[in-house]
Amino acid sequence: MDHSALLDLEKQARRSGSGLTASNLVGCWQLNTIWAKGQTKASVLNGWLLRRIGACLEISNGSGDRLQLRNAVNLSGLTLQFTGPGELNGRQPLLKFRFEQVELLLGRLTLLKRELPSPEKGREPFFALISRSQEGWLVARGRGGGLALWTLRDSDAARTSHLERSSNGEGGDGA
């Protein structure tokens, strides 16, 4: 997907909303491409590096209408992860979140675990959700103005695709 097509989707989402709900976001989203604020060309080096270290935003259902987020990178069994709650707000919507904890893991061994301070009120990080395709990509703009394109991890994409077909009466288990 090229930058101008993403900007068109963003304009549409700002005008009439993206229609995305919490259930559209559940899964492990691997960072694919990023565009720095104000740039029309993707940051090839940063995108390659973040893909190489397995940058992943994992979103799961939390308590009530909240979501649980895990943002992680992994290099040779060493994992740095940030975790915390998130929620959808507004029509576009915004995925507002805060990371409450950071951990450094070596395999299953926890090397470091620290609580993080809460951001100032009104300064919480967020992603303005632009669009999600049935093919398994998600695009959003971050608080800092950068644009990111994620792809759903293969196992999550297969499960999501099956659920979407089943809910639309296409496929399923034949029952």
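What follows draws every value from the coordinates through simple rules; no lab data is involved. No experiment lies behind these values; they were computed from the predicted model shown. Glycine gets a Cβ as well: all are built from the backbone with ideal geometry, and neighbour counts include every protein chain shown.
In the set 100, 87, 124, 135, only one residue is of a type in the set (Asp, Glu) and exposed (fewer than 12 other Cβ atoms within 10 Å of the Cβ); that residue is 135. Scanning the range 66-119 for residues that are over 18 Å from the mean Cα position of the chain (by Cα), over 15 Å from residue 56 (Cα atoms), in a strand (DSSP E or B) and of a type in the set (D, E, K, R) gives 113, 114, 115. Looking only at residues in the range 11-44 that are part of a loop (DSSP other than H, G, I, E, B) and of a type in the set (Val, Ile, Thr), which one is nearest to the chain's Cα centre (by Cα)? The selected residue is 26. Being surrounded by fewer than 20 Cβ atoms within 10 Å (Cβ to Cβ) and either more than 27 Å from residue 65 (Cα to Cα) or not small (Gly, Ala, Ser) (or both) is the filter here; which residues of the range 11-27 pass it? Matches in the range 11-27: 11, 12, 14, 15, 20, 21, 24, 26. Checked against (1) assigned to a loop (DSSP other than H, G, I, E, B); (2) buried (at least 17 other Cβ atoms within 10 Å of the Cβ), residue 54 passes all but a single condition, namely (2).
Considering only residues that are among the charged types (D, E, K, R) and touching a residue at least 40 places away in the same chain (Cβ under 8 Å), look in the range 59-94 and name the one that is nearest to residue 112 (Cα to Cα). Selected residue: 65. Candidates are the residues of the range 102-119 that are among the basic types (Lys, Arg) and touching a strand residue (DSSP E or B) at 6+ places or on another chain (Cβ under 8 Å); the one that is nearest to residue 78 (Cα to Cα) is 113.
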